[in-house]
Structure formats: structure tokens, C-alpha cells
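The values are calculated or read from the model by the stated rules, or taken from the named source; none is laboratory data. Predicted, not measured: the structure shown is a model, and the values here were computed from it. Methodologically, a virtual Cβ is constructed for each residue, glycine included, from the backbone with ideal geometry; neighbour enumeration extends over all protein chains shown. What goes into the accessible areas is simple: the full protein's heavy atoms, side chains included, and nothing from ligands, DNA or RNA. Shrake-Rupley method; radii C 1.70, N 1.55, O 1.52, S 1.80 Å.
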Amino acid sequence: MKIQENFQLQSYNTFGITASSRYFVQISSDDDLKDIINDKALRALNMMVLGGGSNILFRNDFPGLILKADF
């Protein structure tokens, strides 16, 4: 699991609008999610779970952590 900073979200939203997330991580297991929940600093961030992104429209940058579900 690798947490990326200032991640571009253009390919993850329906209209391809330029936006970024302060932090982004792809989660591929329950253990990845548990690690994030157990990390006090990460748990303090605003979070959003992103599935396929087909119903998402980012109008602005997201100031927190996007969790991309890949399982």
C-alpha cells in the first residue's frame, strides 16, 4: 500500500475535470483498510471512498485522503 500526495483525479471522474487529492491510496485488501483505520494521522483526515468513479464529479481539489477500492 503506497500513499501518494497531490494525486491527479482526472481519470477517476466522469467528465475528466482536472482536480487532485491531497492524498490517495489504492486499497486491495481488508488489511490495507485496517492499517489506515489504525493510523492516527490518517484517521484524522477527511476521507472519501472511490469505487469506479463513474458517478463522481470533482469540481475542486479534495483536501483529504481518497481511498480507491480495488477489491
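For volume of the Cα convex hull per residue in Å³, several values are listed as [x] 102; [y] 128; [z] 75; flag the one computed from this structure.
Given [x] 102; [y] 128; [z] 75, the structure-derived one carries the label [z].
For LYS68, what residues show an amide H to amide H distance below 5 Å, using hydrogens built from the backbone and excluding near sequence neighbours?
The list, which skips near neighbours in sequence, is VAL25, GLN26, ILE27, LEU50.
Whenever you get a sec, compute what percent of the accessible area on the range 23-71 sits on carbon and sulfur atoms (1.4 Å probe).
49
If packing is taken as the mean number of other Cβ atoms within 10 Å per residue, what is the order of 55-66, 20-31, highest first?
Answer by packing, highest mean first, reads 20-31, 55-66.
At what distance in nm do the modelled label points of THR18 and LYS2 sit from each other, each positioned 7 Å from its Cα along Cα→Cβ?
Rounded to a tenth, the inter-label distance reads 2.4 nm.
Calculate, for the range 7-71, the solvent-accessible area per residue in square angstrom, rolling a 1.4 angstrom probe over the heavy atoms of the protein chains.
63
Kindly state, to the nearest 0.05, the FRET efficiency for ASN60 paired with GLN26, given R0 = 22 Å and r defined as their beta-carbon distance.
0.50
Check LEU9: other-chain or 5+ apart residues with amide H under 5 Å from its amide H, H built from backbone geometry?
It is ALA19, SER20, SER21, by chain and number.
Determine the percent antiparallel among the DSSP beta bridges restricted to the chain, to the nearest 5.
Approximately 30 percent, going by the DSSP bridge assignments.
For the chain, what does the helix formula give at 222 nm: sum of -39500 (n - 2.57) over DSSP H segments with n ≥ 4, over the residue count, nearest 500 deg cm²/dmol?
After summing the helix terms and dividing by the residues of the chain, the value is -4500 deg cm²/dmol.
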